[in-house]
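First the structure, in the form of structure tokens, and then the observations on it.
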Amino acid sequence: MPKIKEIERTPNPDAMRFVLSEPLTNGVTKSFENAIEAEGDELASALFAIDHVINVYYVDRFVTVTQDGHAVWSELLRKLAPPIREANPQLDLEEDHSVHVSEDVLNSDDPRLKQINEMLDEQVRPYLLADGGGLKVLGLEGNRLKVHYQGACGTCPTATTGTLYAIESMVKRIDPDIEVISV
């Protein structure tokens with residue numbers, strides 16, 4: 001059972017990141033946007049059973065919980081800590097690539113998508129993870145790249161402005177005609 005080493009604020013005022021003293025997963029990312037998606041995942045289901053939880057995102061030694069903005073963090077943290085401390089490590093998971101890219105992207109033969117994902121893996125996702133979140137590429141329709149923020153980034157005000165602009169600037173080095181939109 002993991003111990004909570006620290007609880008950190010994220011750039012999103014509605015999300016907190018729990019830093020664990022030991023890994024919960026073997027590097028595999030898990031992202032859930034509601035209780036239905038969390039069915040079958042013990043930790044995420046337990047967290048969604050707590051009022052005001054709207055997103056659960058975890059990988060390695062980090063668990064990010066996003067609330068709906070209607071809870072007082074000091075009270076909510078007391079409710080979130082027990083399920084996180086009682087979580088069983090999942091060290092035998094296989095990477096689910098659909099956490100970072102949609103099936104359409106996985107099956108695409110567009111070379112731009114491969115370059116974009118490599119760039120995101122190297123230059124964007126590590127920074128988003130440090131802030132308690134991630135990014136999923138949903139697809140490229142013509143010159144419109146659709147992305148979806150995960151974890152703390154999902155409802156973060158800066159994700160849809162500054163971060164999105166920075167991602168678009170990087171993607172334009174691959175193809176200057178691409179527009180990036182968050183959905």
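Throughout, read-outs are computed from the coordinates displayed, never taken from laboratory work. As the structure is a computational prediction, the values presented were derived from the model and not from experiment. Don't worry about glycine lacking a Cβ; one is built from the backbone with ideal geometry, like all the others, and counts go over all protein chains shown.
Pairs to check: LYS30/LYS114; LYS79/LYS172; LYS5/LYS146. Give those whose C-alpha atoms are more than 32 Å from each other in this structure.
Over 32 Å Cα-Cα: LYS79/LYS172; LYS5/LYS146.
If we count every other residue with Cβ under 12 angstrom of HIS52's Cβ, Lys/Arg +1 and Asp/Glu -1, where does the sum land?
Neighbour charge sum, excluding HIS52 itself: -3.
Not counting the cut sites, what is the longest span of the chain without trypsin sites (Lys or Arg not before Pro) that DSSP labels loop and that have at most 13 other Cβ atoms within 10 Å?
Counting only loop sites that pass the neighbour cut-off, the longest clear stretch is 4-171.
Would you kindly state how much longer the chain becomes between VAL72 and ASN143 on full extension, computed as 0.36 nm times their sequence separation minus their alpha carbon distance, in nm to one decimal?
21.4 nm
Taking K and R as +1 and D and E as -1, what net charge do the other residues with C-beta under 12 Å from the C-beta of LEU140 add up to?
Result for the local shell: -3.
If you fit an axis through the alpha-carbon atoms of helix 111-123 and take the longest principal axis of the Cα set of the chain, what angle between them do you get, 0 to 90°, nearest 10?
Taking Cα atoms only, the helix is inclined about 40 degrees.
Could you point to the residue in VAL147, THR66, PRO13 farthest towards the positive end of the chain's charge dipole, with +1 and -1 charges on the Cβ of Lys/Arg and Asp/Glu respectively?
PRO13
Let's test the formula: R0 of 30 Å, r as the Cβ-Cβ distance of ILE174 and LEU93. What FRET efficiency results, to the nearest 0.05?
In this case the efficiency is close to 0.45.
Principal axis lengths of region 97-182 from Cα atoms, whole Å, largest first?
31, 26, 20
Can you check what the net charge comes to around GLY40, using other residues whose Cβ is under 13 Å from the Cβ of GLY40 (Lys, Arg +1; Asp, Glu -1)?
Local net charge: -4.
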